[in-house]
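The values are calculated or read from the model by the stated rules, or taken from the named source; none is laboratory data. Source: prediction; values computed, not measured. Heads up, the Cβs are rebuilt from the backbone with ideal geometry, glycines too, and the neighbour counts pull from every protein chain shown.
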Amino acid sequence: MKYIFKRLSVLLLFFAALLVFTPFNAQAAEEEEGFQAGPFIIEHVTDSYGWHICGDGDKSVTIPLPIILIDDGHLVCFSSGKLHHGHAAYNGYAMGWGDQKGSIVKLDSDYTGHLTEGENYAVDHVCKFNISITKNVCALFISLILIATIFLTVAKRYKQHPDEAPSGLQGLVEPVVVFLQEEVINPSLGDRAPKYTPYLLTLFFFILLNNMLGIIPIFPGGANLTGNIVVTGILALITFFITNISAKKEYWVDIFNTPGVPWWLKFPLPIMPFVELIGIFTKPFVLMVRLFANITAGHIIVLGFISLIFIFGQMSPYIGYGVSVVSLLFYVFMGVLELLVAFIQAFVFTLLSAIYIGTATEEHEESTELA
């Protein structure tokens with residue numbers, strides 16, 4: 001191991017020396033914009049109105065997605081390809097820029113054609129009712145179709161061959177389901193497990209499948225669905241509502257009259273009830289942020305390694321070729337790590353959801369002792 005680290009250190013020092021002694025014309029760099037790592041990374045981790053396949057700029061290959069608006073009481077539908085990656089307007093509609101980036105705006109006139117960079121276009125209003133099929137929405141539909149296909153196929157196999165050993169797709173899914181039931185759901189929920197098992201299994205496989213699809217760089221992968229805080233927030237809200245709607249009376253009593261806590265921390269100074277009440281909302285918040293942060297951070301690190309190739313390549317082709325070897329090695333390492341994180345995050349989200357639901361729905365045995 002030490003030998004490997006020594007070799008890697010020497011290689012990195014060699015690249016650093018090449019960087020120092022390679023002539024770099026700052027003025028030429030300012031005149032020619034070149035590769036920008038920041039926009040490149042942000043573009044790939046955020047949502048968009050088209051599914052980018054390959055290429056860059058006007059030469060990029062992108063699957064256009066439908067833009068659906070309700071503007072001034074009228075239904076407006078057209079392909080995102082009409083906007084040419086934000087460089088054109090169609091019937092007065094264009095992609096927003098600056099503070100309005102990510103929105104569809106209506107220009108003052110029904111202009112159709114190329115938008116000149118740097119020219120000011122008067123925006124009449126931002127289209128508020130935007131139900132367009134974006135990249136993440138399309139990825140959501142794809143993942144739902146895949147999940148339905150997988151489990152309908154497995155269910156059909158169980159019905160047709162109930163007494164045979166699992167094989168094929170059934171053999172892949174069954175051990176995961178059994179593991180979740182025996183190690184996560186049953187210990188957390190006890191005899192209440194059958195009621196919540198369908199939700200928890202759906203939650204696990206939805207997160208896992210979308211985590212893995214996000215690692216795949218080509219269509220239908222590449223969408224950062226579980227790295228979208230809106231998606232993780234909705235998943236956390238579902239757990240929040242199931243937990244609190246299903247909660248028993250004892251759960252709420254324990255929040256406002258926490259057992260084992262001195263009386264003066266509950267009534268004259270209601271510190272513990274306040275802390276417990278805040279905990280109701282921080283639990284889903286933690287679920288939301290943990291999944292979002294871990295998945296997004298993994299994608300950013302991977303894209304950062306890829307960006308290094310182009311950044312150093314602008315300075316010198318030789319440095320670019322050298323850095324590409326190191327970047328690709330780290331890319332493979334991070335890919336394996338992201339695969340592990342995909343399983344861990346799906347497991348942790350499901351485990352915590354099961355614990356929250358189990359704690360809220362637990363039936364306490366009546367005790368004669370005072371809290």
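Could you figure out which of (1) in contact with a helix residue (DSSP H, G or I) (Cβ under 8 Å, 6 or more places away or on another chain); (2) modelled with pLDDT of 80 or more; (3) of a type in the set (Ser, Thr, Tyr) isn't true of Thr282?
All conditions pass for Thr282, except number (1).
Go through (1) assigned to a strand (DSSP E or B); (2) under 27 Å from the mean Cα position of the chain (by Cα); (3) not hydrophobic (A, V, I, L, M, F, W, C) and name the single condition Ser132 misses.
It is condition (1) that Ser132 fails.
Return the residues of the range 236-250 that are assigned to a helix (DSSP H, G or I) and either out of contact with any helix residue (DSSP H, G or I) (no Cβ under 6 Å at 6 or more places or on another chain) or buried (at least 18 other Cβ atoms within 10 Å of the Cβ) (or both); say none if nothing qualifies. Lay out the reasoning, then the answer.
Step one: of the range 236-250, the residues assigned to a helix (DSSP H, G or I) are 236-246, 249-250.
The answer is Ala236, Leu237, Ile238, Thr239, Phe240, Phe241, Ile242, Thr243, Asn244, Ile245, Lys249, Glu250.
May I ask you to list pairs of residues, at least six apart or on different chains, whose Cβ atoms are under 6 Å apart, with the first in the range 324-353 being in the same structural domain as Ile216 (by TED's automatic domain parsing) and more than 14 Å from Ile301 (Cα to Cα) and the second being among the polar types (S, T, N, Q) and buried (at least 18 other Cβ atoms within 10 Å of the Cβ)?
Note: pairs meeting the criteria are Ala342/Asn211; Gln345/Asn294; Ser353/Thr239.
Would a scan of the range 152-171 turn up a residue that is within 24 Å of the chain's Cα centre (by Cα), modelled with pLDDT under 90 and within 24 Å of Leu225 (Cβ to Cβ)? Step through it out loud before you land on a result.
Restricting attention to the range 152-171, the residues satisfying the condition of being within 24 Å of the chain's Cα centre (by Cα) are none.
No, that holds for no residue.
Which is assigned to a helix (DSSP H, G or I), at pLDDT 80 or above and either among the polar types (S, T, N, Q) or under 30 Å from Phe40 (Cα atoms) (or both), of Val325, Val348?
Residue meeting the stated conditions: Val325.
What do you reckon, is Phe206 part of a helix (DSSP H, G or I), surrounded by fewer than 14 Cβ atoms within 10 Å (Cβ to Cβ) and modelled with pLDDT of 90 or more?
The answer is no for Phe206.
Here are some residues: Gly222, Gly227, Gly214, Gly233. Which one is surrounded by fewer than 20 Cβ atoms within 10 Å (Cβ to Cβ), closer than 22 Å to Thr62 by Cα and under 11 Å from the mean Cα position of the chain (by Cα)?
Of Gly222, Gly227, Gly214, Gly233, the one residue that is surrounded by fewer than 20 Cβ atoms within 10 Å (Cβ to Cβ), closer than 22 Å to Thr62 by Cα and under 11 Å from the mean Cα position of the chain (by Cα) is Gly222.
Within the range 97-111, work out how many residues are surrounded by 14 or more Cβ atoms within 10 Å (Cβ to Cβ) and modelled with pLDDT of 80 or more.
Residues flagged as surrounded by 14 or more Cβ atoms within 10 Å (Cβ to Cβ) and modelled with pLDDT of 80 or more within the range 97-111 amount to 5.
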